[in-house]
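Enquirer: Here you go, one structure.
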Amino acid sequence: MRDEMLKDIISEENLVYKKTDLMTDNVLSYCPGCGHGTAHRIIMEVVDEMGLQEETIGIAPVGCSVLAYEFMNIDMQQAAHGRAPALATGIKKTWPEKFVFTYQGDGDLAAIGTAETLHACNRGENILIVFINNGIYGMTGGQMAPTTLSGMKTSTTPFGRDTALMGNPLKITELVAELPGTQFVTRQAVHTPAAVRKAKKAIKKSIELQRSGNSGTTFVEIVSNCNSGWKLPPVQANKWMVENMFPFYPLGDIKVNGELVK
Amino acid sequence: MAKVKGAVIVDTERCKGCEVCIDACPTDVLAMSKEVNSKGYHYSFMANPDACIGCANCAIVCPDGVITVYKKKLDQ
């Protein structure tokens, strides 16, 4: 009886949600529960919904998401460590009609790529920068990153980050919002269905701004978990993120239409 | 009132057993299987299919995109 009912429900006309075809069938190289997979998927869903598969060029970073081009079924180029905004600048200048985005982690964007990020944003390059912030170097084994919270334990700060000795965590999203070249800067997350929907809206808005020819960089930070680096199971890592990351990295729009949100 | 019934299909070979979908499900439909897939991960399955409302919350938060959701209105 139950099987019959399920058979009745499971048919093409009752489909509500299916992984977009713009994500390839390759198994993601990320740890179980990592926010990277969701972030990849929502970008591809927006590109799919807007019918921009052939108009999109993505830049993969160095870090956990170095193989992003294996998972996103669009044209992609992988940049040298931290240089994704520089590469995106070149691509956008060559094909101004294309939608160009970079996908970078915090080690790539906020450490080695700080100069490229700040200068691309300051020049106001008409590109989208997607910044995944999990406060740690995930790929290399969970070392301290510039975005690591004060007091947070990592493999290179086993007693917690001591800001007197190791410096302060870097809020690079607030930093780029101050630059005149950025037009839309926001911070989102992908740990709950509501957060995923909001993050998707932010990405959609960024694409629309870039397509409409408004000049200025759009910057979407996605605060994510790193359950392997944080040494927590995925669901607990998400809770830890809500309790510890969000107070320091509050979610919401930081700059809209070139004006800082007070 | 028409009743809404949902169903999900999990791609068990790609599921990594992170349990984020279980946390996101409002009606406690999903659970982890006792069996493992070829990679050794326990996978998510519909332990309580009668409660599914097809809201797609599980699929939206699934990092690996392994969940497909169906929904049908039943006339009763």
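The values are calculated or read from the model by the stated rules, or taken from the named source; none is laboratory data. Please read these numbers as outputs of a predicted model, since none were measured by experiment. Neighbour counts are summed over all protein chains in view; Cβ atoms, including those assigned to glycine, are modelled from backbone coordinates with ideal geometry. What goes into the accessible areas is simple: the full protein's heavy atoms, side chains included, and nothing from ligands, DNA or RNA. Shrake-Rupley method; radii C 1.70, N 1.55, O 1.52, S 1.80 Å.
Enquirer: Binning at 10 Å from 0, report for the stretch A:88-226 what percent of all alpha-carbon pair distances ends up in each bin.
Expert: So the P(r) values, bin by bin, are 12, 40, 32, 14, 2.
Enquirer: Over the whole of A:193-203, what's the average partner chain Cβ count within 10 Å per residue? Rounded to a whole number, please.
Expert: On the way: counts 10, 4, 2, 5, 1, 0, 0, 1, 0, 0, 0.
Counting other chains' Cβ atoms within 10 Å and averaging over A:193-203 gives 2.
Enquirer: For the pair B and A, how large is the buried accessible area, both sides, in square angstrom to the nearest 100, if the probe is 1.4 Å?
Expert: Working: alone 5020 and 12640 Å², together 14840 Å².
Heavy-atom accessible area buried at this interface is about 2800 Å².
Enquirer: Something else: Please compute the average number of Cβ atoms from other chains found within 10 Å of each residue's Cβ in peptide A:16-25. Before the final figure, lay out the partial values.
Expert: Values: counts 12, 15, 8, 9, 1, 0, 0, 2, 0, 3.
What the average comes to for A:16-25 is 5.
Enquirer: Partner chain Cβ atoms within 10 Å, averaged over the residues of A:36-42 - can you pull that number for me?
Expert: Details: counts 1, 9, 7, 1, 3, 6, 1.
Mean partner-chain Cβ count within 10 Å for A:36-42: 4.
Enquirer: Another question, then. Against the 2.2 N^0.38 Å scaling, with N counting residues, where does the stretch A:104-177 land? I'd like the Cα-based Rg ratio to two decimal places.
Expert: On the way: Rg = 13.0 Å, N = 74, 2.2 N^0.38 = 11.3 Å.
Computed over Cα atoms of the stretch A:104-177, the ratio equals 1.15.
Enquirer: Can you check how the C-alpha radius of gyration of chain B compares to 2.2 N^0.38 Å, as a plain ratio?
Expert: Details: Rg = 12.6 Å, N = 76, 2.2 N^0.38 = 11.4 Å.
Ratio of Cα Rg to 2.2 N^0.38 Å: 1.10.
Enquirer: Step by step: find N for the stretch A:158-262, compute 2.2 N^0.38 Å, then divide the Cα radius of gyration by it. What's the final number? List each step's numbers first, then the result.
Expert: Numbers: Rg = 15.6 Å, N = 105, 2.2 N^0.38 = 12.9 Å.
Dividing the Cα radius of gyration by 2.2 N^0.38 Å gives 1.21.
Enquirer: Residue by residue through the stretch A:60-72, which ³J(HN,Hα) values in whole Hz follow from phi under the Karplus form 6.51 cos²θ - 1.76 cosθ + 1.60 (θ = phi - 60°), with glycine and proline marked x?
Expert: Result, rounded to whole Hz: 8, x, 10, x, 4, 8, 4, 9, 3, 5, 7, 9, 9.
Enquirer: Calculate, for the stretch B:3-74, the solvent-accessible area per residue in square angstrom, rolling a 1.4 angstrom probe over the heavy atoms of the protein chains.
Expert: Values: 3070 Å² over 72 residues.
Ligands and nucleic acids excluded, the result is 43 Å² per residue.
Enquirer: Normalised by the number of residues in the stretch B:3-74, what is the relative contact order in percent for Cα pairs under 8 Å and 6+ residues apart?
Expert: Working: 144 pairs, mean separation 33.7, N = 72.
The value is 47 percent.
Enquirer: Rank-order A:156-169, A:115-128, A:248-261 by packing density, defined as the average count of other C-beta atoms within 10 Å over each peptide's residues, highest first.
Expert: Numbers: A:156-169: 12.6, A:115-128: 20.9, A:248-261: 14.4.
Highest-to-lowest ranking by the protection proxy: A:115-128, A:248-261, A:156-169.
Enquirer: How many Å² of accessible area per residue for the stretch A:30-260, probe 1.4 Å? Working shown, then result.
Expert: Values: 8870 Å² over 231 residues.
Per-residue accessible area for the stretch A:30-260 comes out at 38 Å².
Enquirer: So, one more: Which percent of the accessible heavy-atom area of the protein assembly as shown goes to carbon and sulfur, probe 1.4 angstrom?
Expert: Numbers: 7920 of 14840 Å².
Ligands and nucleic acids excluded, carbon and sulfur reach 53 percent.
Enquirer: Here's something else I'd like to know. Could you tell me what % of all Cα pairs in the stretch A:1-124 have separations over 22 Å? Don't jump to the answer; show the numbers that get you there.
Expert: Details: 3376 of 7626 pairs.
Everything past 22 Å amounts to 44 percent.
Enquirer: Between residue A:3 and residue A:162, what length in nm is gained on full extension when 0.36 nm per residue of separation is reduced by their alpha carbon distance?
Expert: Numbers: separation 159, 0.36 × 159 = 57.24 nm, distance 5.77 nm.
Stretched fully, the residue A:3-residue A:162 segment lengthens by 51.5 nm.
Enquirer: Also, quick follow-up: Compute the Kirkwood hydrodynamic radius of chain A, taking the inverse of the mean of 1/r over all pairs of distinct Cα atoms, and give it in Å to one decimal.
Expert: After inverting the pairwise mean of 1/r, the radius is 18.8 Å.
Enquirer: What does the helix-only formula give at 222 nm for chain A: each DSSP H stretch with n ≥ 4 adding -39500 (n - 2.57), the total divided by the residues, and the result rounded to the nearest 500 deg cm²/dmol? Please report the intermediate quantities before stating the final value.
Expert: Numbers: 10 runs with 88 residues, N = 262.
Computed ellipticity for chain A at 222 nm equals -9500 deg cm²/dmol.
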